[in-house]
Amino acid sequence: MLSIPLPFLAGLVFALTLYRSLKGVEVPGTRRYFYAFLVLYALQGIGVGLRFGYGVEGLTPFLPVSASLMPPLAFLAFRGLTAKPLPRPLLHLLPPLAVSVAVGFFRDLVDLLLLAIFLGYAFALWRLTMANGTEVMAEASLQRMRPALRAARLTAGLMFFFAVSDAGLAVYAGLYGSDDVPFVVAIMNIAAIAAVVVYYFAPELSASGAPARPAMEATAEDRAILARVEVALEDRELYKSEDLSLAKLARRTGLSVRDVSSAVNRATGLNVSQFVNNRRVAEACRLLRQSERTVTAIMLDVGFSTKSNFNREFRRVTGMSPAQYRIWAKQAQSGSAEPKRT
């Protein structure tokens, strides 16, 4: 039975989550780390195939080093989605350098170093996601902020799982031999795949679809910031931009991410994503009333990229689906009709 090493499976999971969460993100640093990870993942896959499928023993020293690069690259890719600059990124080369030295001179330390690397980056990534949920993924598009945050937490959890399970497997093999190792690895693979399946296919509890909270008492400064945000959104119809992010909106207003997020929340009771989507839905309503364009065409024109998100946000704002709203609007033009909020 050919078992797949945990670092290879980690690479597969990281590639899926990073691709989904960083799709459409216009951050050069993040893309650099992301592409570096994909190249490494491809090389790791080739190496694993040659080593375990064709018995190419010469690749054995390189696989732990490539595995040790995956957690730093995953962390750097998600770290690039924050609105804060990344200090001293070259320091993240130290873990793979340490593994390289251990492979050459201290083979007994390799497993321990890999355990420390996976655990350390799992903790660092999880801590990053807990810093501030509305600002952590500020460089991701507003529609991707919540999925990116979930992907980062899943990645952190999987790194922790790989570290603990790999260490436990090594201890088990040392005590009881390696006869049952393929079976145990298969169970681990199934658990990891199940986590990915749940992440991709379970209904997403998106913060953007949550009901609005009552607006807090806004200060004059909050109202001034809100006015600047509204002007920025209308400038060249920025609100229609599918890849509009909190960080990009903040740069357009000349304010910090935190100032924009806090002011919008206090003044309207909405988060920035809901606030922007309100404007998008208002434009969609106008187009549904005044044109015969398809709902899909209108959805794309106002800045939504998926029907599920568009329908959810449209219903949150109007209480109806887009198709129901169009019917109601036609009835209202010919007589009288009251929208039914559901």
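With a 1.4 Å probe and all protein chains left in place, how much accessible area per residue does region 218-333 have, in Å²?
Details: 5240 Å² over 116 residues.
I get 45 Å² per residue for region 218-333.
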> Where does the Debye-calculated log10 I(q)/I(0) of region 216-342 sit at q = 0.10, 0.11 Å⁻¹, using only Cα point scatterers of equal weight, no solvent?
Replying inline: -0.35, -0.42
> What FRET efficiency, computed as 1/(1 + (r/R0)^6) with R0 = 22 Å and r the Cβ-Cβ distance, is obtained for T294 and S241, rounded to the nearest 0.05?
Replying inline: 0.55
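What is the gain in length, in nm to one decimal, between A36 and A124 on full extension, counting 0.36 nm per residue of separation less the C-alpha to C-alpha distance?
Working: separation 88, 0.36 × 88 = 31.68 nm, distance 2.00 nm.
That pair, A36 and A124, stretches by 29.7 nm at full extension.
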>> For a Förster distance of 41 Å, can you work out the FRET efficiency between the beta-carbons of F106 and K307, rounded to the nearest 0.05?
In response: 0.15
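The values are calculated or read from the model by the stated rules, or taken from the named source; none is laboratory data. Just so we're clear, the structure is a prediction, and the values are computed from it rather than from any experiment. No Cβ is skipped: glycine too gets one built from the backbone with ideal geometry, and neighbour counts run over all protein chains shown. With ligands, DNA and RNA removed, areas are computed over all heavy atoms of the protein, side chains included. Shrake-Rupley method; radii C 1.70, N 1.55, O 1.52, S 1.80 Å.
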